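This report refers to the structure that appears directly beneath it.
The values are calculated or read from the model by the stated rules, or taken from the named source; none is laboratory data. Predicted, not measured: the structure shown is a model, and the values here were computed from it. Glycine also receives a Cβ, built like all others from the backbone with ideal geometry; neighbour counts cover every protein chain displayed. Keep in mind that these areas ignore ligands, DNA and RNA; they rest on the heavy atoms of the full protein, side chains included. Shrake-Rupley method; radii C 1.70, N 1.55, O 1.52, S 1.80 Å.
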Amino acid sequence: MSETSTAAPAPAAVDLRAALERVRTEVGKAVVGQDGAVSGLLIALLAGGHVLLEGVPGVAKTLLVRSLSQALSLQTHRVQFTPDLMPGDVTGSLVYDQRRGDFEFREGPVFTNILLADEINRTPPKTQSALLEAMEERQVSADGVSRPLPDPFLVAATQNPIEYEGTYTLPEAQLDRFLLKLVLDVPERESEVEVLRRHAEGFDPRDLAAAGVSAVLTAEQLREAQRSAASVGASEDVLAYIVDLARATRRSPSVRLGVSPRGTTALLAAAKAWAWLSGYDSITPDHVQAIVMPVWRHRIQIRPEAELEGVSPDTILRSIVQQVQVPI
């Protein structure tokens, strides 16, 4: 494969990249030690995908999404998923208007730019599935009418990986709709000290404006950045490399269900977004390798006997990346 040039990008593209870097800076005014998660959210926005955020309580999952919304000047709604939450509580429902003598549709919180679905695994599958159409089709259907969702639209769902009582495993069909699964770890010691320092100086996570988080990118600029990222090129060698990686997951003896063709298109879209953010006009194998873990870790089903031995999707993906031949 020939060398990929980074020279002479269009001025507009440079401005958009600089604006997205400022978004990272703005989010950093409120969130410390989660740079990888910020990058993942930006990639998801550029690729038009959704994000599953997994981490123990208290690692700033909710604050991260709220700060991103503030920096992008996007509308955001938060839904606390509970066992008694109904599908209409998310998507909206028909309500009888006595004055008009007719039913009218009342939009639910899903009609927003960024939907924060907090603890999504705490609600039954019936309500979880209410998000499927919204995530895949960017619309909500009710009473035979399809209502489009705002553009851009992103679902950022959180779940706790260590608490299982009163939770419901996400169905595979819904997991597959998330472009990325980001794992938020407890920050390093220096970052945790910085968190305490900010709180000691009066930081209030409920008041992002007071923390200095301001909007640096509009919805229209974000849509323009999405178009630019989608135009990033991909050579035949790189496309074949992505397919070879996916086929290797299906052949792994530890895997019950490997990556589907939808997973390969998701990896391509995320790699394009990462390449564009990095200033490239074509994706390289390095971009694919950098993003393969968050794009595929939730799309692989491990055999029970392998799980008992401590095998995880991440360890399988690391091994596959090392074994599959990289195009040169």
> In region 136-236, which trypsin sites (Lys or Arg not before Pro) fall in coil by DSSP and have 11 or fewer other Cβ atoms within 10 Å?
Replying inline: Arg206
> Among all stretches of the chain without exposed GluC sites (Glu not before Pro) (DSSP loop, at most 12 other Cβ atoms within 10 Å), which one is longest?
Replying inline: 4-164
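How much FRET efficiency would the formula 1/(1 + (r/R0)^6) give for Met86 and Arg262, where r is the Cβ-Cβ distance and R0 is 35 Å, rounded to 0.05?
Efficiency for this residue pair is about 0.75.
Counting each pair of different Cα atoms once, what's the Kirkwood radius of the chain in Å, rounded to one decimal? Present the calculation step by step, with values, prior to reporting the outcome.
Details: mean 1/r = 0.0474 Å⁻¹.
With all distinct Cα pairs of the chain included, I get 21.1 Å.
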> Under a 1.4 Å probe, what is the accessible area of region 201-328 per residue, stated in Å²?
Replying inline: 50 Å²
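Return the calculated 222 nm mean residue ellipticity for the chain, to the nearest 500 deg cm²/dmol, obtained by summing -39500 (n - 2.57) across DSSP H runs with n ≥ 4 and dividing by the residue count. Walk me through the intermediate numbers first.
Values: 14 runs with 149 residues, N = 328.
Computed ellipticity for the chain at 222 nm equals -13500 deg cm²/dmol.
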>> Taking 8 Å as the Cα distance limit and 6 or more residues as the minimum spacing, I'd like the relative contact order of region 256-328 as a percentage.
In response: 34 percent
>> Can you tell me which of Gly212, Gly258, Gly40 moves the most in a GNM of the chain? Springs connect C-alpha atoms under 10 Å apart.
In response: Gly212
>> If you filter region 131-184 for chymotrypsin sites (Phe, Trp or Tyr not before Pro), then keep DSSP loop positions with at most 10 other Cβ within 10 Å, what is left?
In response: Tyr164
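Quick check for you: with a 1.4 Å probe and neighbouring chains kept, what is the accessible area per residue of region 31-114, in Å²? List each step's numbers first, then the result.
Values: 3480 Å² over 84 residues.
Heavy-atom SASA per residue in region 31-114 reads 41 Å².
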> Treating the beta-carbon of each Lys and Arg as +1 and of each Asp and Glu as -1, no other charges, what is the dipole magnitude of region 168-226 about its Cα centre, to the nearest 20 debye?
Replying inline: 120 debye
> If you put +1 on each Lys and Arg Cβ and -1 on each Asp and Glu Cβ, how big is the dipole of the chain around its Cα centre, in Debye rounded to 20?
Replying inline: 280 debye
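Over the Cα atoms of region 175-263, compute the convex hull volume and normalise it per residue, giving Å³. Display every interim value, and only then the final one.
Working: hull volume 18.2 nm³, N = 89.
Taking only Cα atoms, region 175-263 has a hull volume of 205 Å³ per residue.
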> If you look for lysine pairs in the chain that are eight or more places apart or on different chains, how many of them have Cα atoms under 24 Å apart?
Replying inline: 5
